[in-house]
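Novice: Let me give you the structure first, and then I'll get to my questions.
The values are calculated or read from the model by the stated rules, or taken from the named source; none is laboratory data. Just so it is clear, the structure is predicted and the values come from calculations on it, not from any experiment. Note that we place each Cβ from the backbone using ideal geometry, even for glycine, and neighbour counts take in every protein chain shown. Areas reflect the complete protein model, heavy atoms only, side chains present, ligands, DNA and RNA absent. Shrake-Rupley method; radii C 1.70, N 1.55, O 1.52, S 1.80 Å.
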Amino acid sequence: QAQVVESGGGLVQAGGSLRLSCAASGSIGSINVMYWYRQTTRKQRELVASITSGGTTNYRDSVKGRFTISRDNAKNTVYLQMNGLKPEDTAVYYCAANTVLDMYWGQGTQVTVSS
């Protein structure tokens with residue numbers, strides 16, 4: 001059974017850093033694109049960053065220059081290094097793994113940035 005598990009969330013002051021990790025395991029097959037999304041109670045889930053198996057990355061404008069997504073294909077793991085965090089980055093962050101058959105989601109990890 002396929003499983004996607006995030007870790008690394010927490011509470012940090014504005015301007016601080018956090019590194020999120022996400023590991024996909026089980027019968028997940030070949031992963032094409034891995035994503036980081038985030039969601040607050042007031043907003044719909046929004047795409048933060050994505051990375052293809054070849055290493056092509058994409059970021060939403062509000063995190064460009066502050067967040068970096070990276071990936072270890074051998075470990076089916078994706079990371080999100082978040083620097084210069086702002087209170088508006090506070091959200092539940094979700095990892096997703098896209099395969100030919102399906103999109104697999106993690107349970108989410110809370111990131112809280114205090115001002």
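Novice: Give me the percent of the accessible area of the chain that comes from carbon and sulfur atoms, probe 1.4 Å, all protein chains in place.
Specialist: That share works out to 46 percent.
Novice: Quick one: if the Förster radius is 22 Å, what FRET efficiency do Q110 and K86 give, using the C-beta to C-beta distance and rounding to 0.05?
Specialist: For Q110 and K86, the calculated efficiency is 0.90.
Novice: Figure the gain on full extension for Q13 and K64 (residue separation times 0.36 nm, minus the Cα-Cα span) and round it to one decimal in nm. All intermediate terms of the calculation are to be shown ahead of the outcome.
Specialist: Working: separation 51, 0.36 × 51 = 18.36 nm, distance 1.94 nm.
Roughly 16.4 nm would be gained on extension.
Novice: S53 versus K75, label points 7 Å from Cα toward the beta carbon: distance in nm?
Specialist: In this crude spin-label approximation the distance works out to 2.0 nm.
Novice: If you don't mind, another one. For R42 and D102, calculate 0.36 nm times their separation in residues minus their Cα-Cα distance, and state this gained length in nm to one decimal.
Specialist: In short, 18.9 nm is gained.
Novice: Output the relative contact order of the stretch 46-110, whole-number percent, from Cα pairs under 8 angstrom with separation of 6+ residues.
Specialist: Across the stretch 46-110, relative contact order equals 19 percent.
Novice: Rounded to the nearest whole Å², what accessible area per residue is found for the stretch 15-77 with the 1.4 Å probe?
Specialist: 55
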